[in-house]
Each structure stands twice: as structure tokens, then as C-alpha cells.
């Protein structure tokens, strides 16, 4: 019997299905409640609740401040049941002028700075709403938006704000959810108003035309936008893309022909202190040969001073190098992924976002008008009752004094509604003066006229758009380009191509000795006269490659998976210590080994070959990799590995297999390729290729004699082994090394 008691409460399901169902619910909640903003007011729930709670606390711009702890307490206690630190951090960001283009919170106290310092604790700071926040909340008490119950059912909170300000694009937003993200840069509110007004007149306006009115983002920290117009149009058309943003700088002349560069604006969301630290690190590492010094002279305004190495350095060239290597230039991504009016996440283009805002404003206008119309109808009903009372004042007084049920008697005698009768009964004696009757008639006429206007507004869509356009013009007047807050901060410029500047030509040429150990630790010693026997290695490690070059050279490494990797000799760690692992400097997988390492000689030609005896010739210039991932050159099949990489210095190629057979053929038989598996160099029945070398036929082949001797043996009569490429070859001459290697 006990087995059947709970049988109806148990539902058998696969664990994967149960987890999937719960994870889906979690991801949807994350997307809607935390990560993506609403396209209508541009806010996430935590920001919306913050502003609403501050309004309930009457923190208007004209009134005093209240402790942030009080605001945060109300938010988490009534509307947002999450941690106080997350709510306070959201509040702090809304008050930071360097983080938000149009701050929604007016902060008093330490709210952090552009160097990345944190705000003071909430018990020390105070806040109130800004005029922008008040514009977002305007008319919220006039049934302009829907409300819902809070998490505990005791309060009501708005689902969306009326938003008389285009907050989504004006302040931007960013967030990461499960499987999707959003990233919207801030824009200029006055330009957005221009775009909205144009869209009202021309609902099918092209993105090209809208970009004329809204030319690009306007970041709170200023900077220079160096993106071409075609790219900006493409980004706004797709709702995805990126903007290239640079620091704003100017040249300041000094005495004796010297100058310095002053940076006054840095890119958005770049911490000034970390930026300067990064430049200083590069300067110490000698990766900025044109720079002498950098210092921060900022007070209230950003002022970073950059000193060139000497007066001959071109400021444009120096800044191009800094733009390339530091966060003085960034790419700010745009991803217009938002929740639409139906709370469905999707990526919109610029016109769709603007139209969604306009549709919301129209909906707010209609709801406000209906709400006002209901209020007017109710007031007119009461006024009409008052006027009847004034016309029959003596009889009304008699009924109130003598009748047991005056309300019913008034309704019956003067044909009044219950509301009118109740209003007459609640009328104060002081209202019975003659002047009051005139005021009632005047109010009645005004309300009747207003009601007629509202009825016309609700019946005429064109009139509605005219009203919305007037509201947008008022917003532009309040926050547009002519105001101190609304003046554009980010300027536009053309970025010179970095390709015209060869930064490597500014690297100081110094001799170095590059040492790479068997375990793959690499370092560079100054000079070419180092005592190799005195170089120390980690326990169990020893020397493998010792190369002489210059700081201006490139180092090439060929690995067993057929990839070439490139490292600048100026970027190698110094000789003191044990150096750094090569695998940290470039992305060589742990399963791959370094086959060879050498200093790059641009005009040289290489021969690469695999363990299967396949290979080809390639220009060394074409194997140089531009990224840490390297460059795939030799393609391999299962169980094959790259075996060797040698310079092609002679007129012949010698190949020897694991079977000790030797084949020599002319170098002309090798094809030149940029990438591939190559051609057969030598055929094998068993095993594979052991070694390959390039030499001149008239010089013969030489190899080291065994037994610890320093003597070498040279064979010049090579006719028995000369053949065509892809032959099997013949057994190597007597005395050939047993390891089947030429060296």
C-alpha cells in the first residue's frame, strides 16, 4: 500500500532530458532578466528597478541626495532579490561620466575613476536621479506602461519605462548570456533625435540616409573614430560589426626644436593606469625604439605626455607604432542583440531599433491619452454635478439637512449619478461662494476643450506622429548637440595605413647569440663571442640550437607537424636565467617536436621533406608566419611526420632511407611549391626516409668518421648512386654512418 502513495508524484525521465529542460529554463531567464536590454527603454531589469526605486524615494534632481545604501536596500528588499554588491556596482556605473554617455544617476562622493579605482562603499556615497533618468520615467503614473507584481507580491514594478529619451543607443549596453551576447556603443542623443524625426517623415528611410544623420558612436571618453563610411553603413545594416577607435593626440612644440605628444582622449573602457603600465613595459622591453618616456599629467582632464627618442622622429610614425602595440587604439564591437516588445531576443539593424523606439513612444502616447481622457470624463461628471448644485443650492441644502438618505434623494430629485451625488455631499461650505461657480464653469470649458483634443488625437494617427515629433524635438532641445552634455565628444578621422610604416626598421641592430635547449627553453645572449661551455641549463637539459644573428633578424622553427613558426630575435628573453619555453611564445602543440631552428635568410630556398620520403622546394620568404599559430607548409598523412628542413645550396640532392639505400638526383627535379605534400624523393619498400642533404656534385659527399675521430671521409665518385628522383637508390658506400645521417 505504501508503494502506491506517492506513485502519482514520480515522473520517469532521462537525466539528459531533465538537465536540458532545466538548463533551457535557466538560459532563458538569464537572457531576459540579466543580459539583454529591452529595445524600448534600453534598460536591463536591475537598472530599471534602480531608477524606479529612486523615484519612489523622491530623489529628483531638484531635491537632496540620499545614501546609496538606502537606495540599494530598497532595491533588493522590494524589487531585485540579489546581492547588494551587484546592485551597487550597477548603480555606480550609471553615475560614472567616463562609463555612461548620459549618466542616469547623479553621484556625490567617490564613484571611481578612469584609472580603474573602485568606488567608495555604499555607506559613504550619496545619489539622486539626473534629468535624463527623469525623462525615462516621465508619465509613468499615467498608465503609460504595464506593471507587474514584485517577487514577493507586495509591490508593483514597471515592465518597461515610458522612455522619453532614446536610451538604448544613447547610452549603449553590454551583456553575455547563455549562447548569445550584446554589445552596443553609446551614441549622440541629438543625432539620434535627428534620425528619429527623419524616420517619422520617411518610414522606409535607408540605412545610408540614417548614417548621414547618425554618423557613428559618440563615446563618453571622446577619441577619434577612424572607420570608413562604407564599413559603418555595413555594420549598422547587419546589426553586427566593429568600430576602430583611437586616442586623440596633438603635438606640442618645445624649445630647441624638440616636441612632445599630448594625449587628451583615450579609447572607451580603457583604464588609463593600465594603458600607461603597458606602454612602460614595452619601453623597458625595447619594443618601442622611437619612444623615450611616457608620463601621466592628468588632473580632472586626461593628459598623457609622450616623449620621442629624438627630434628627428616623426610624431605620426611614433603614434602609429603605439596604436599598433597598445590600447591607444581599440576595436569596439557592435552587436545589436536586444529584446523586442514581445521579449524575443534578436539582432536588429539601426532602422529597426529606431522604429521600435518610435512604436513604443506611440503606444505610451495612446495609453497616456486614454488615461487622461478617463480622468477628464470623471472630473467633468463631478463638475456637472457641482453646477447643478449651484443652480439649486437652497433645495440641495434642504435635502442634506432634512432627508434621512440625502444621496438617494439628490440622485432622484436632480437626476444625478452616484459619483455626482457623493461629490456634492463631500463639498466644503467654503466652496459655496459665487466666485467658485465661475471657476467651475471655466474649468468645465477647459476640460471639455482638452477632451475634444484628446479624442481627435486618438482618432488620427498622423496627429499622433506629429505629437511624438514635438516630444522628440523637446528632447533634442534638452539633451542635443547645443547643450554642454549633448555636444559630440568623439570626432572622426582617417587612419593612415600601418603598412606604410616599417616598424622593424627602427629596431636597434645588435648582435645576439640565440640558444635553444633540448627541452625547448630559449634565450638570447648579447654579442657573438659567448663561451658556449659556460652556458648553464636546467637539470637534465642541454644545448640543442646555438645560432648567431642580430636583433633585427627573424628566427624560424620547423616542427614535426609540417608548420613553420616565426619569432623576432628582438622579442627573445635575455640570457640571464634559463629563458622561456618556446611553446609559450608561439603555439607549438605539446605533441609536436621542433625539427630545426635557424635564422631567416630572405633570399634563400629550402627543401622540406617528410618521413614518407616526400618533399619539395620552397622560397624561405614564403614560410614566414605572421601569427603565433604559425604557417602550415608541409601537409602530412596518417603516421607521417616532418623529417627535415635544409637550405638548398648545391646542384644536387642526396636522400638516404632507413634501409641505408642512397639516391642522388639533380635539384632541378624538385618542384617549387608554397604548400602541399610534395613529390616522392625516394621510394621505400620498408621504413621511410632517414636524412636528406643538398650539395655540389663536384665536391662529393662528406661525412664524419666514427670512433670519436675528427677525420671526415669524402666520396666524389658518385655515379653508382646518381639516378632520377623517386628511385629506390643503392646501398650507401662503405663506411657510411650507421645512423644513416649525413651529419
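Readers should treat all values here as calculations from the given coordinates under stated rules, not as data from a laboratory. Remember, it's a predicted structure, so these values are computed and weren't measured experimentally. Cβ placement follows ideal geometry from the backbone for every residue including glycine, while neighbour counts extend to all protein chains displayed.
A few remarks follow.
- At q = 0.12, 0.14 Å⁻¹, base-10 log of I(q)/I(0) for segment 612-733 (Debye sum, equal scatterers on each alpha carbon): -0.49, -0.65
- Percent RCO, i.e. relative contact order, over segment 43-162, from Cα pairs under 8 Å lying at least 6 residues apart: 28 percent
- Once both labels are positioned 7 Å from their Cα atoms along Cα-to-Cβ, the gap between residue 303 and residue 124 label points is 2.7 nm.
- Computing FRET efficiency as 1/(1 + (r/R0)^6) for residue 422 and residue 262, where r is the C-beta to C-beta distance and R0 is 60 Å, gives about 0.25.
- Compared with the dominant Cα axis of the chain, that is its longest principal axis, helix 393-402 is turned about 90°.
- Segment 145-281: C-alpha pair distances exceeding 22 Å, %: 58 percent
- Counting other Cβ atoms within 10 Å as a rough exposure proxy, the listed residues 219, 332, 414 run 414, 332, 219 from fewest neighbours to most.
- Expected-Rg normalisation [2.2 N^0.38 Å, Cα atoms] applied to segment 43-162: 1.01
- Antiparallel DSSP beta bridges within the chain, percent to nearest 5: 95 percent
- Proxy reagent accessibility, fewest Cβ within 10 Å first, across 513, 344, 466, 125: 344, 466, 513, 125
- Segment 152-181 and segment 213-228 have Cα centres lying 24 Å from one another.
- Cα centroid separation - segment 605-680 against segment 683-743, whole Å: 18 Å
- Relative to the dominant Cα principal axis of the chain, helix 189-201 is inclined by about 70°.
- Theoretical FRET efficiency, 1/(1+(r/R0)^6), r = Cβ-Cβ of residue 628 and residue 710, R0 25 Å, to 0.05: 0.05
- Its alpha carbons considered, segment 503-731 gives a radius of gyration followed by a Dmax of 18.7, 54 Å.
- Diffusion coefficient, µm² s⁻¹, Stokes-Einstein with Kirkwood Rh over alpha-carbon pairs of segment 248-327 at 25 °C and 0.890 mPa s: 191 µm²/s
- If you take the Cα centroid of segment 544-600 and the Cα centroid of segment 235-313, the two points sit 31 Å apart.
- Estimated from the Cβ-Cβ distance and a Förster radius of 45 angstrom, the FRET efficiency linking residue 343 and residue 381 is about 0.70.
- Helix 15-30 axis, angle to the chain major axis (alpha carbon atoms, nearest 10°): 60 degrees
- In terms of surrounding Cβ atoms within a 10 Å radius of their Cβ, 293, 342 rank from fewest to most as 342, 293.
- Note on residue 229 and residue 174: their simple-model spin labels are 2.9 nm apart, each label 7 Å out from Cα toward Cβ.
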